[in-house]
Amino acid sequence: MIRIQRSPIDVAAVIDSVRRDEAGAIAVFLGTVRADPDVDALDYEVYKPMAIRTLADLVDVAQAKFGVVAMSIVHRVGRVPVGGDSVAIACAAIHRAEAFAACAWAMDEVKRVVPIWKQETGPRTPRARRRRSGARRRTR
């Protein structure tokens, strides 16, 4: 399961999507929006066609590199409030070490290479500063 969606993540469905009889472990990473005095929510934007391709490529690499049996990645876009789930990654493997390693590696790679950007919103969020190109500043 590779998805980019506006609706809340169904974590149980993500886990069920990687259940396999030959897997002895399922590791799950659930990224949530944490409370901060200046943050009410995170706004996520995505270049969807490239993001879907990149996520699928990450799954292929994880299967080759870590021997995972199955992997699912679901990421939210749009506004995600404090306490909301923004990303879920589930990795099934024969042994727990491979499942944990693949899950950690996948989240690092999602942040590093997938074209998804976030912008903090809150009571003191300054207006987005303009770069010379006119693009809004975003953090990953």
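Of the residues VAL18, VAL39, VAL28, which is of a type outside the set (Asp, Glu) and under 14 Å from the mean Cα position of the chain (by Cα)? Don't jump to the end; show me each part of the working.
Numbers: VAL18 fails: under 14 Å from the mean Cα position of the chain (by Cα); VAL39 fails: under 14 Å from the mean Cα position of the chain (by Cα).
None of the other options fit; the residue is VAL28.
Consider PRO8 against the criteria (1) closer than 21 Å to ARG112 by Cα; (2) touching a residue at least 24 places away in the same chain (Cβ under 8 Å); (3) not charged (D, E, K, R): it satisfies all of them except one. Which criterion is unmet?
(1)
Quick one: count up the residues across the stretch 1-42 that are open to solvent by 40 Å² or more (accessible area, probe 1.4 Å), within 28 Å of THR121 (Cβ to Cβ) and not aliphatic (A, V, I, L, M).
12
Contact list please: Cβ distance under 6 Å, first residue in the stretch 100-117 and under 13 Å from TYR47 (Cα atoms), second residue of a type in the set (Asp, Glu) and open to solvent by 60 Å² or more (accessible area, probe 1.4 Å), pairs at least six apart or on different chains.
Partner pairs satisfying both residue conditions: TRP117/GLU45.
Taking strands (runs of 3 or more DSSP E) that do not extend beyond the stretch 70-134, which have at least 3 residues that are open to solvent by 40 Å² or more (accessible area, probe 1.4 Å) and either in contact with a strand residue (DSSP E or B) (Cβ under 6 Å, 6 or more places away or on another chain) or at pLDDT below 95 (or both)?
Values: elements: 70-76, 78-81, 85-93, 116-121.
Result: 116-121.
Mind checking which residues of the stretch 43-56 are open to solvent by less than 70 Å² (accessible area, probe 1.4 Å) and among the acidic types (Asp, Glu)?
ASP43, the sole residue that qualifies.
Restricting to the stretch 20-39, count the residues that are in contact with a strand residue (DSSP E or B) (Cβ under 6 Å, 6 or more places away or on another chain) and modelled with pLDDT of 95 or more.
First pass over the stretch 20-39, keeping only residues in contact with a strand residue (DSSP E or B) (Cβ under 6 Å, 6 or more places away or on another chain): 20, 23, 25-33, 39.
When the remaining residues are screened for being modelled with pLDDT of 95 or more, the result is 20, 23, 25-33.
Residues that pass the stated criteria total 11.
The values are calculated or read from the model by the stated rules, or taken from the named source; none is laboratory data. On a predicted model such as this, the values are computed, not experimentally measured, just so you know. Please note: Cβ atoms are built from the backbone with ideal geometry, for glycine as well, and neighbour counts cover all protein chains shown. These accessible areas exclude ligands, DNA and RNA; they are computed on the full protein's heavy atoms, side chains included. Shrake-Rupley method; radii C 1.70, N 1.55, O 1.52, S 1.80 Å.
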